[in-house]
Structure formats: structure tokens, C-alpha cells
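First the structure, in the form of C-alpha cells, and then the observations on it.
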Amino acid sequence: MRLFLAIELPDDVRSHLLEVRKRLEIALPKISYTRPENLHLTLKFLGGVEPKKFDAITESLAKISTSAIDLRATAIDCFPSRGPIRIVTAALDGSLPPLRALVESIEQRCNFLGFDKEQRAYRPHVTLARARPVLSPKFRQLASDATVDLWPGPSFLPNEFVLMDSQLSPAGSKYTPVAHFPIG
């Protein structure tokens with residue numbers, strides 16, 4: 001199994017991000033865009049996981065308690081922060097302390113189960129596209145300018161986070177929720 005933890009997006013947020021994507025496709029036509037059904041907020045990528053670990057993971061994650069989280073997409077962001085662009089995202093803002101607390105709880109529980117702790121600071125975002133080959137840094141401003149009037153997006157209050165199974169294929173990744181955990 002290839003697993004990650006995520007928050008799925010409600011329809012109105014997904015629709016807003018698809019409007020953003022339409023603008024980006026005009027400004028940045030030669031990058032690989034995320035399929036609409038695959039848009040989500042990643043909390044942690046676990047990678048390849050032996051099926052025998054599945055129960056331990058879900059039992060541990062089910063013990064996480066967190067406050068309500070209010071989020072909204074607020075701008076285009078590009079990764080890495082400097083130099084050539086590899087990933088174009090929608091940055092998320094809102095009630096970030098409870099989101100960061102959720103991510104930290106996930107990190108602690110997964111680390112206890114043998115998964116490496118993420119070393120980079122958590123930056124909440126939804127991946128809109130990947131650039132292969134990378135884009136020149138000058139495209140940061142072009143992407144921002146193309147979508148400036150579409151921000152902020154609708155706010156949303158996720159009521160759960162999910163453990164997703166990612167199945168890779170030549171047609172693209174397919175994400176399937178395999179466990180659900182309440183938020184708030």
C-alpha cells in the first residue's frame with residue numbers, strides 16, 4: 001500500500017480551484033495539472049506501507065483529538081520558495097494553530113510507528129500542478145498575476161481527515177480513502 005493522510009476538499013472549494021486552474025492553464029500551459037478528483041490538502045505522506053501495519057496506523061490515528069479547523073485558499077504559491085519552480089499550489093490560510101496541532105499529532109503517532117518525521121516546516125497547500133521540466137522563477141509572478149482576482153476562495157470546515165491509498169498507473173494516480181478520522 002502507498003499511503004498518505006489528507007483532508008478532502010468540499011465541492012465549492014474544488015470548483016474554485018478548478019477556476020484557478022483554468023487561468024493557470026492559459027498562463028502556464030506546459031505543466032502537468034493535478035486531476036480534479038485528486039485535489040486535497042496533504043497532512044503527511046507515509047509512502048509504501050506493509051498491509052500488516054495498517055491496523056496499528058488506524059488505531060493510533062483514531063486517538064487524535066483536535067479542535068475545529070477553518071481553512072481557505074488565499075493565493076498561488078510555488079515550491080521551492082526560491083529558484084526553479086517544481087510545484088504550483090494554492091496556499092491555505094485560516095485557523096492554522098489547530099491545523100498545525102493536528103499535523104504535529106500525526107507526526108508524533110507516525111514517528112512512534114516507525115515513519116520518519118518530516119523535517120521541513122509544514123506549509124498548508126493544495127498541489128495544483130507539477131512542472132517537469134522545472135519552470136524559471138519568473139513564472140511565479142505570471143501565475144500570481146493570472147489568478148489575482150480569484151482570491152480568497154471559499155472557506156471550509158473539514159469534519160475529518162482521511163488515510164488515502166495512492167495507486168499509481170500510466171493513466172495517473174488514483175486516490176482511495178481507506179480510513180476516516182474525525183476533526184473537532
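Looking at segment 99-113, which of the residues that are touching a residue at least 12 places away in the same chain (Cβ under 8 Å) and open to solvent by 30 Å² or more (accessible area, probe 1.4 Å) is nearest to the chain's Cα centre (by Cα)?
Keep residues of segment 99-113 that are touching a residue at least 12 places away in the same chain (Cβ under 8 Å), which gives 99-103, 105-107, 109-110, 112-113.
From the residues that got through so far, the ones that are open to solvent by 30 Å² or more (accessible area, probe 1.4 Å) too are 100-101, 105, 109, 112-113.
Numbers: Arg100: 14, Ala101: 16, Ser105: 17, Arg109: 19, Phe112: 23, Leu113: 22 Å.
By that ranking, first place goes to Arg100.
Mind listing just one residue for me: the one in segment 48-58 that is open to solvent by 60 Å² or more (accessible area, probe 1.4 Å) and free of Cβ contacts under 8 Å to residues at least 60 places away in the same chain and, of those, nearest to the chain's Cα centre (by Cα)?
My answer is Gly48.
Scan segment 103-116 and give yes if some residue there is at pLDDT below 95 and outside any helix (DSSP H, G or I), otherwise no.
Initial filter on segment 103-116 (at pLDDT below 95): none.
No, segment 103-116 has no match at all.
For every residue, the table says whether it meets (1) in contact with a Lys or Arg (Cβ under 9 Å, 6 or more places away or on another chain); (2) of a type in the set (Ser, Thr, Tyr).
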| residue | (1), (2) |
| --- | --- |
| Arg123 | no, no |
| Gly153 | yes, no |
| Leu157 | no, no |
| Tyr175 | no, yes |
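Conditions (1) in contact with a helix residue (DSSP H, G or I) (Cβ under 6 Å, 6 or more places away or on another chain); (2) in contact (Cβ under 8 Å) with a residue 12 or more places away in the chain; (3) closer than 25 Å to Asp165 by Cα, marked per residue:
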{"residue": "Ile7", "(1), (2), (3)": "no, yes, yes"}
{"residue": "Pro10", "(1), (2), (3)": "no, yes, yes"}
{"residue": "Arg14", "(1), (2), (3)": "no, yes, yes"}
{"residue": "Ala27", "(1), (2), (3)": "yes, yes, no"}
{"residue": "Arg35", "(1), (2), (3)": "no, yes, yes"}
{"residue": "Leu46", "(1), (2), (3)": "no, yes, yes"}
{"residue": "Ala75", "(1), (2), (3)": "no, yes, no"}
{"residue": "Ser81", "(1), (2), (3)": "no, no, no"}
{"residue": "Ala91", "(1), (2), (3)": "no, yes, yes"}
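With respect to Arg120, determine if the residue is at pLDDT 95 or above and under 26 Å from Val49 (Cβ atoms).
Judged against the criteria, Arg120 is not a match.
Among the candidates Leu61, Leu17, Leu41, which residue alone is modelled with pLDDT of 95 or more, more than 21 Å from Arg2 (Cα to Cα) and within 20 Å of the chain's Cα centre (by Cα)? Working first, answer last.
Values: Leu61 fails: more than 21 Å from Arg2 (Cα to Cα); Leu41 fails: more than 21 Å from Arg2 (Cα to Cα).
After applying the criteria, what remains is Leu17.
So is Ser95 at pLDDT below 95, open to solvent by less than 50 Å² (accessible area, probe 1.4 Å) and over 22 Å from Asp55 (Cα atoms) or not?
Yes, satisfied.
Working carefully through the options Ala121, Ala101, Ala143, find the one that is touching a Cys at 6+ places or on another chain (Cβ under 8 Å) and not aromatic (Phe, Trp, Tyr).
On inspection, the qualifying residue turns out to be Ala143.
Any residue at all in segment 28-37 that's buried (at least 18 other Cβ atoms within 10 Å of the Cβ), among the polar types (S, T, N, Q) and either on the phi < 0 side of the Ramachandran plot or in a helix (DSSP H, G or I) (or both)?
yes
Take segment 40-86 and flag every residue that is assigned to a helix (DSSP H, G or I) and not charged (D, E, K, R).
If the condition is that a residue be assigned to a helix (DSSP H, G or I) and not charged (D, E, K, R), then Pro51, Phe54, Ala56, Ile57, Thr58, Ser60, Leu61 are the ones that fit.
Looking at Thr66, Thr42, Thr127, which is the one that is surrounded by fewer than 17 Cβ atoms within 10 Å (Cβ to Cβ), closer than 18 Å to Val162 by Cα and in contact (Cβ under 8 Å) with a residue 12 or more places away in the chain?
Numbers: Thr66 fails: surrounded by fewer than 17 Cβ atoms within 10 Å (Cβ to Cβ); Thr127 fails: surrounded by fewer than 17 Cβ atoms within 10 Å (Cβ to Cβ).
The unique qualifying residue is Thr42.
Which members of segment 140-179 meet the condition of being under 15 Å from the mean Cα position of the chain (by Cα), among the hydrophobic types (A, V, I, L, M, F, W, C) and farther than 25 Å from Ile31 by Cβ?
Phe156, Phe161, Val162, Leu163
The values are calculated or read from the model by the stated rules, or taken from the named source; none is laboratory data. From a predicted model like this one, the values you see are computed outputs, not experimental measurements. So basically every Cβ, Gly included, is an ideal-geometry build from the backbone, and we count neighbours across all protein chains shown. Accessible surface areas use protein heavy atoms only, side chains included; no ligands, DNA or RNA. Shrake-Rupley method; radii C 1.70, N 1.55, O 1.52, S 1.80 Å.
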